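The values are calculated or read from the model by the stated rules, or taken from the named source; none is laboratory data. All values derive from a computational prediction rather than experimental measurement. Virtual Cβ from ideal backbone geometry, glycine too; neighbours counted across all protein chains shown.
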Amino acid sequence: MRDKQRAYLALHFCVFLWGFTAILGKLITLPTLPLVWWRVLLSCAALWWFLPKAQLRGLPRRVIWQMLGIGAMVGVHWLCFYGAIKLSNASIAVASTATTSFFAALVEPVLMRQRVKWYELALGILILPGMALVVGNIDLSMRAGFLAGLMAALLAAVFTALNKRMIDRSAPPPLPMSFFELFGALAVCSLALPLVWSVNPDLRIAPAGWDWLWMFLLAWVCTLLPYYLTLQAMRHITAFATNLTINLEPVYGVLLAGLLFHEHKDLKPGFYLGVGIILIAVFSHPFLKKRFEKPRKEQPEILDADI
């Protein structure tokens, strides 16, 4: 029980740090792809420096490829998230991520081979009017950003469930797991960068001025540290509980964006009403789960031969 409490405390600290990612993404003047590329490059460089190399030698090749694949998905998730910020604003980008738990309610049963729970589908339906209010109260020019944010939320639900399944089955150490997944994200961005640059030779790749400070804070404080702590926490809590806690990020993000950038002036009251409906649907889940779901008997440990 003490381990689970520490896991939740660490996860809440991570969510607080992630609340600043949209703010830093707004402050950094780089386009989306170079921003994400520098973020994962600096994170991988720091991890390689601190990572005990002995932890790399005992990892099966199959697990390494799985981590690289999940990392590639993480990279696309970040491209969608920062693309949402550039296409709209920080408030809309973080508000759209409140749908992560809704997607998780549908994705996790498929990946974990479980039944879809009726009350989770009901919460998903409740989210729809909130989504309609959010979309209906933003300019047409910002709706592309909202759609990019939805794609980021869907990807977050998928790779969180995949990470939980890998941790339950293989339990790789969190530092190598962080390194390989961030390296997978770096590989995706490195492949895309020359293609985008060939289409747009004027694309600015190198940070300038204050961008360097914001980039180091984004990579080391708001990426590397929470990524490691989240993987560590998932050894003691479920994937849905992880996603549910992470849904506090829109609360921090919208409040910070409103305070620092005065984005509340660009958004109508209906937008915040929609966000409120989404958050009510998301955070009512644990109460419904406790009310309608019977405690399950402890499952036998999964052996490597069963993977």
Given (1) in contact with a Pro (Cβ under 8 Å, 6 or more places away or on another chain); (2) in a helix (DSSP H, G or I); (3) over 20 Å from GLY145 (Cα atoms), number of the condition LEU59 does not satisfy: (2)
Qualifying position, being under 24 Å from ALA192 (Cβ atoms) and in contact (Cβ under 8 Å) with a residue 24 or more places away in the chain, among CYS44, CYS14: CYS44
Criterion (surrounded by 21 or more Cβ atoms within 10 Å (Cβ to Cβ), in contact with a Phe, Trp or Tyr (Cβ under 8 Å, 6 or more places away or on another chain) and free of Cβ contacts under 8 Å to residues at least 60 places away in the same chain) met by exactly one of ALA153, ALA157: ALA153
Filter result for the condition that a residue is at pLDDT 95 or above and under 29 Å from LEU203 (Cα atoms), over LEU68, LEU79: LEU68
Which numbered condition MET234 misses (of (1) in contact (Cβ under 8 Å) with a residue 24 or more places away in the chain; (2) under 20 Å from PHE20 (Cα atoms); (3) aliphatic (A, V, I, L, M)): (2)
Residue satisfying condition, being surrounded by 14 or more Cβ atoms within 10 Å (Cβ to Cβ) and not hydroxyl-bearing (Ser, Thr, Tyr), within set GLY58, GLY19: GLY19
Criterion violated by VAL221 - all others in (1) at pLDDT below 80; (2) surrounded by fewer than 22 Cβ atoms within 10 Å (Cβ to Cβ); (3) in a helix (DSSP H, G or I) satisfied: (1)
Checking ILE205 against (1) at pLDDT 75 or above; (2) in a helix (DSSP H, G or I), the condition it does not meet: (2)
The stretch 8-30, residues that are assigned to a helix (DSSP H, G or I) and closer than 11 Å to LEU218 by Cα: LEU17, TRP18, THR21, ALA22, ILE23, LEU24, GLY25, LEU27
Answer from ALA171, ALA144 - the residue that is outside any helix (DSSP H, G or I), surrounded by fewer than 19 Cβ atoms within 10 Å (Cβ to Cβ), modelled with pLDDT under 90 and not basic (Lys, Arg): ALA171
Residue within the stretch 21-34 that is more than 14 Å from the chain's Cα centre (by Cα) and without any contact (Cβ under 8 Å) to a residue 24 or more places away in the chain present: no
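Okay, residues lined up against (1) at pLDDT below 90; (2) within 16 Å of HIS77 (Cβ to Cβ):
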| position | (1), (2) |
| --- | --- |
| LEU182 | no, yes |
| ALA187 | no, yes |
| VAL199 | yes, no |
| TRP214 | no, no |
